[in-house]
Amino acid sequence: MCVKFLSVLAIAAAMLAPPCVPAHAESVLRVVMHSDLKIVDPIWSTAYITRNHGYMVYDTLFAMDAAGEIKPQMVDTHTISADGLVYRFTLREGLSWHDGQPVTAEDCVASLARWAARDALGQAVWKLVAAAEAVDPRTFQITLKEPTALLIGALGKPSSAVPFMMPKRVAATDPATQITEFVGSGPFVFKKEEWKPGDKAVYVKNMAYRPRAEPASGLAGGKVVNFDRVEWRAISDQQQAVNALLAGEIDIIESPSHDLLPLLRADTNVALVSATTYGFQYAFRPNHKQKPFNDARIRKALWLALAQQPFLEAVIGDPAYFTECKSVFVCGSALETSVGMEGMLEANASKAQALLQEAGYDGTPVVILHPTDLAVLANLPPVAKAQLEKAGFKVELQASDWQTVISKVSKPEGWGAFITAWNAADLLNPVMNAFLNSSCETARSGWPCDQQMESLRAAFAHATTASQQKAIAEDVQRRLLDHTQYVPLGQWRLPFAARKTLSGFVSSPVIVFWNVKGG
């Protein structure tokens, strides 16, 4: 602090002293994310707000770049044996946790084990793993029972659940239990003491982080942080968030409501930034453990009762931002297929009623969880209610905020279905798609139990050619129509809004805040 001195001696001393330098002005990036942060374990939860938190705090062994290629991230070098069974990975030098301890190979092995116990792709790949063990402090080895083309891609999986690396003591937490310590090695440090759900989450620059030497590309490359502090502000009212952005009180809105895009587009100080290729897919997820959706015949009626366009119009509105897509693997991707979809998703109420009658539907209400605070989901449950009631279902909507929905669906009781959105990066093949996981108790909320689907997913993991993968993907879609793990409700896109004083955004399935610069 600069002080004005009054005495002659003090003035003389000041003349001999070094010049007084003002304190560094802290740079702050203020963001309104798509949801409030309440769950902070990115392995325990697939919620995208929790995944985004993970990218702030943690780092990954590999990462997907802007071209969709998997590149080393924490890994420096890796080798694969001639028979394709032994993978050896060496970490980059100088990696450290936020508490100052070095990142070790044992940390990574433990982190992968916890991730593989929860994630659909991790579970499929880990069935092929004979051993995963540390060789020395910076080197670990994965030995496979048989070759697979999926291992490196799995380690660089871009979206939920991402294989984030954690200290061994944290990764030792039971996969079914949330972690309570949030120490990562990523570009930001989570300020737990400043975290106030309903208000804000705070991250500060990790001064010890060592970015890779190459430029940032997607989720890969050098994660250079240009802000001292990033604050996620919890503003659930979309109009309020937009007003704050237009007034310069915040810098970014991750997920602005589609109906407010014209207002944002008209402001010369705001840019709409499109960062994803395929966008998102809406998904209706039935609870296989509760009536009435514990009956596959009743679940199958969903394919006849529902139609995609009313859902897309209710939320997205502008056809420039949505596409009706009956492929479980998103339209535009390598595995896109319409096989088996003739006559499906056309809101054929009479055919759905006939199937319900044949199945002996007894009128058990379908309890649909209704998140009211998330703009991209809030209008969907009423559309589902209207369509299902026309088809002969009884339906109840249960309103709450999105984080409460996430909490409720972690248990099988008290709900019949919920509607969510998946990033296309999570849906590109049968093994990545978490809602296709049909491994009963270890499947995601909804808990489908279908050995035939699991066999198809395993076959995909073993496939070595594109034609084999395509044929299996078509069989997966046919099986989906019979067992109804979930119902895709269309494809959509959404830009984020940012002050034009900001630059350096990377094209990525996830909004990230490294490489971003202020004006």
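The values are calculated or read from the model by the stated rules, or taken from the named source; none is laboratory data. Please read these numbers as outputs of a predicted model, since none were measured by experiment. With ideal geometry, Cβ positions are generated from the backbone for all residues, glycine too; neighbour counts draw on all protein chains shown.
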Check your understanding: Can you name the condition, by its number, that Ser35 falls short on among (1) within 23 Å of Asn226 (Cα to Cα); (2) touching a residue at least 60 places away in the same chain (Cβ under 8 Å)?
Key -> (1)
Point to revise | Tally, over the range 15-71, of residues that are hydroxyl-bearing (Ser, Thr, Tyr) and modelled with pLDDT of 95 or more | key: 5
Practice item. Taking Gln309 as the residue in question, decide whether it is more than 14 Å from Ala391 (Cβ to Cβ), part of a helix (DSSP H, G or I) and in contact (Cβ under 8 Å) with a residue 60 or more places away in the chain. Key: yes
Review point. Would the range 178-190 turn up any residue that is crowded, with 18+ Cβ neighbours inside 10 Å, outside any loop (DSSP other than H, G, I, E, B) and in contact with a Pro (Cβ under 7 Å, 6 or more places away or on another chain)?
Key: no
Exercise for review: Using the structure shown, decide if Val230 is among the β-branched types (Val, Ile, Thr) and either part of a strand (DSSP E or B) or surrounded by 18 or more Cβ atoms within 10 Å (Cβ to Cβ) (or both).
Suggested key: yes
Check your understanding: How many residues are free of Cβ contacts under 8 Å to residues at least 12 places away in the same chain and among the small types (Gly, Ala, Ser) when one looks only at the range 69-93?
Key -> 2
Check your understanding: Does Ala471 satisfy the condition of being closer than 18 Å to Leu121 by Cβ, without any contact (Cβ under 8 Å) to a residue 24 or more places away in the chain, assigned to a helix (DSSP H, G or I) and in the same structural domain as Leu304 (by TED's automatic domain parsing)?
Key -> no
Revision key, fill the gap. Considering the range 127-150, residues that are crowded, with 17+ Cβ neighbours inside 10 Å and at pLDDT below 95, and then whichever is nearest to the chain's Cα centre (by Cα), we arrive at Leu150
Review point. Does the range 278-305 hold any residues that are closer than 24 Å to Asn429 by Cα, touching a helix residue (DSSP H, G or I) at 6+ places or on another chain (Cβ under 7 Å) and in a loop (DSSP other than H, G, I, E, B), and which are they?
Key: Tyr278, Gly279
Review point. Only one residue in Trp447, Trp514 is in a loop (DSSP other than H, G, I, E, B), touching a Cys at 6+ places or on another chain (Cβ under 8 Å) and either basic (Lys, Arg) or modelled with pLDDT of 95 or more (or both). Which one?
Key: Trp447
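For (1) modelled with pLDDT of 95 or more; (2) surrounded by 22 or more Cβ atoms within 10 Å (Cβ to Cβ); (3) more than 11 Å from Pro488 (Cβ to Cβ), each residue gets a yes or a no:
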| residue | (1), (2), (3) |
| --- | --- |
| Asn287 | yes, yes, yes |
| Lys300 | yes, no, yes |
| Leu306 | yes, yes, no |
| Pro319 | no, no, yes |
| Cys325 | yes, yes, no |
| Val328 | yes, yes, no |
Check your understanding: Assuming Gln357 fulfils every condition listed in (1) in a helix (DSSP H, G or I); (2) surrounded by 20 or more Cβ atoms within 10 Å (Cβ to Cβ) apart from one, which condition is it?
Key -> (2)
Revision key, fill the gap. Taking the range 165-177 and keeping residues crowded, with 17+ Cβ neighbours inside 10 Å, among the aliphatic types (A, V, I, L, M) and either part of a helix (DSSP H, G or I) or over 19 Å from the mean Cα position of the chain (by Cα) (or both) leaves Val170, Ala171
Check your understanding: Taking the range 58-92 as the search range and keeping residues that are among the small types (Gly, Ala, Ser) and over 19 Å from the mean Cα position of the chain (by Cα), which one is surrounded by the fewest Cβ atoms within 10 Å (Cβ to Cβ)?
Key -> Ala82
Review point. Only one residue in Pro286, Pro292 is assigned by TED's automatic domain parsing to the domain that holds Ala386, closer than 20 Å to Pro448 by Cα and touching a Lys or Arg at 6+ places or on another chain (Cβ under 6 Å). Which one?
Key: Pro286
Revision key, fill the gap. When Ser503 is run through (1) surrounded by 15 or more Cβ atoms within 10 Å (Cβ to Cβ); (2) without any contact (Cβ under 8 Å) to a residue 24 or more places away in the chain; (3) under 30 Å from Ala244 (Cα atoms), the failure sits at (1)
Check your understanding: In this structure, does Val162 turn out to be buried (at least 20 other Cβ atoms within 10 Å of the Cβ) and of a type in the set (Val, Ile, Thr)?
Key -> yes
**Study point:** Residue check for Ala124: modelled with pLDDT of 95 or more, among the small types (Gly, Ala, Ser) and more than 30 Å from Val516 (Cβ to Cβ)
**Key:** no
Exercise for review: Assess whether Gly198 counts as being closer than 25 Å to Pro72 by Cβ and either in the same structural domain as Arg114 (by TED's automatic domain parsing) or not in a helix (DSSP H, G or I) (or both).
Suggested key: no
Point to revise | Residues located in the range 478-505, provided they are among the polar types (S, T, N, Q) and out of contact with any Leu (no Cβ under 9 Å at 6 or more places or on another chain) | key: Thr501, Ser503
Review point. Which of the helices (runs of 4 or more DSSP H) contained wholly in the range 375-433 include at least 1 residues that are modelled with pLDDT under 95 and not aromatic (Phe, Trp, Tyr)?
Key: 375-378, 402-408
